[in-house]
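First comes the structure, then the notes that go with it.
The values are calculated or read from the model by the stated rules, or taken from the named source; none is laboratory data. As the structure is a computational prediction, the values presented were derived from the model and not from experiment. Because the Cβ atoms are built from the backbone with ideal geometry, glycine has one as well, and the counts that use them run over all protein chains shown. Ligands, DNA and RNA are excluded from the accessible area calculation, which covers all protein heavy atoms including side chains. Shrake-Rupley method; radii C 1.70, N 1.55, O 1.52, S 1.80 Å.
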Amino acid sequence: MKRKFAVQLYTLRKECEQDFPATLRALGRMGWAGVETAGLHGREAEEIAEVLREAGLKTAGMHISVERLRAEPERVKAEARQLGTNRLICPSVPHEWRNEQGYIRLREELNAAASELRDEGFTVAFHNHAFEFETRVGERDALSYLLDPSPDNAVLAEIDVYWVSKAGKDPAAFIAPYRGRMPTMHLKDMTGDERRTYAEIGRGIIDFEPLLLWGEQSGVEWYVVEQDICEGEAMDSVKISLDNLHALADRLGR
């Protein structure tokens, strides 16, 4: 399991902007197995791929907007091949699409991309926040509609357990329908005070043990840690999260 822990680089966006290669090398020394990209900060994919190899890091996936996925698929595919991943994840819903018709359009666009990319070995997934639960598409919340585990829907899940909790749902129950349809899972902890804000893994109130056990039985390839805002230094936060995840893996015998 320890070789499945990756960090979403949005957590370290300031550090990556200042010195992307140095940040990746530091993550490799820290013991991370992989990273999930959130843009290349003006660097070429070939350069970053070489740094990843040097650092002993794999690419868990790439966050790619639906607009870019549809507008420049050839460039996206080239970047993904350079970085060694076939997982393309839409990180959010465009603000103007956050209504019933917008979610219908998003599912159509992501399925069209998945259909075009499938023969070349790529998958398309969606990463959630809490606001998808605020819109209904027919009888379902918008997130359940987008990720409907049916044969005619190729959109895979990248469930962010913090945002599911933020919406008042039980993450362990919510992920159950996505067995075999969630190659990456986002791990993020939540403070136990009235703020219910971001916390390092193991310092909040989310119970990760059942989530990891489910993931090991259900086809999860990467557990991706993301902390949108860190109260201290982001590198310190991701080190705390990784240490606590390693300790949990040891307790689980994984």
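Details
- Residue-normalised accessible area of the chain, given per residue in Å² at a 1.4 Å probe: 44 Å²
- Evaluated with a Cβ-only charge set (Lys, Arg +1; Asp, Glu -1), the chain carries a dipole of roughly 500 debye about its Cα centre, given to the nearest 20.
- The dipole here belongs to region 37-119: it is taken about the Cα centre, uses +1 on the Cβ of Lys and Arg and -1 on the Cβ of Asp and Glu, and is about 260 debye.
- Summing Cβ point charges (Lys, Arg +1; Asp, Glu -1) relative to the Cα centre of region 92-154 gives a dipole of roughly 120 debye.
- The GNM of the chain, with springs linking C-alpha atoms under 10 angstrom apart, assigns the highest mean-square fluctuation among Asn128, Asn99, Asn86 to Asn99.
- Looking at the chain alone, DSSP beta bridges between its own residues are antiparallel in about 15 percent of cases.
- Taking one quarter of the surface of the convex hull spanned by the alpha-carbon atoms of region 140-254 gives a direction-averaged projected area of 7.5 nm².
- The count of lysine pairs in the chain that are at least 8 places apart or cross chains, and whose C-alpha atoms lie under 20 Å apart, stands at 13.
- A full extension of the chain between His246 and Glu231 corresponds to an added length of 3.2 nm, given 0.36 nm per residue minus the alpha carbon distance.
- Positive end of the dipole of the chain (Cβ unit charges, origin at the Cα centre): among Ala33, Leu88, Gln18, the Cα lying farthest that way belongs to Ala33.
- The rule of thumb for compact globular proteins, 2.2 N^0.38 Å, goes into the C-alpha radius of gyration of region 71-198 1.09 times.
- Cα centroid separation, region 1-26 to region 186-222: 19 Å.
- Taking 0.36 nm per residue of separation and subtracting the current Cα-Cα distance, fully stretching the chain between Asn111 and Lys14 would add 31.6 nm.
- Annotation: extensible slack from Ala22 through Phe131 equals 35.8 nm (criterion: 0.36 nm per residue apart, minus Cα-Cα distance).
- When the P(r) is computed for region 7-113, the part past 17 Å accounts for 54% of the Cα-Cα pairs.
- Fluctuation leader among Gly202, Gly192, Gly56 - the chain, Gaussian network, Cα springs under 10 angstrom: Gly192
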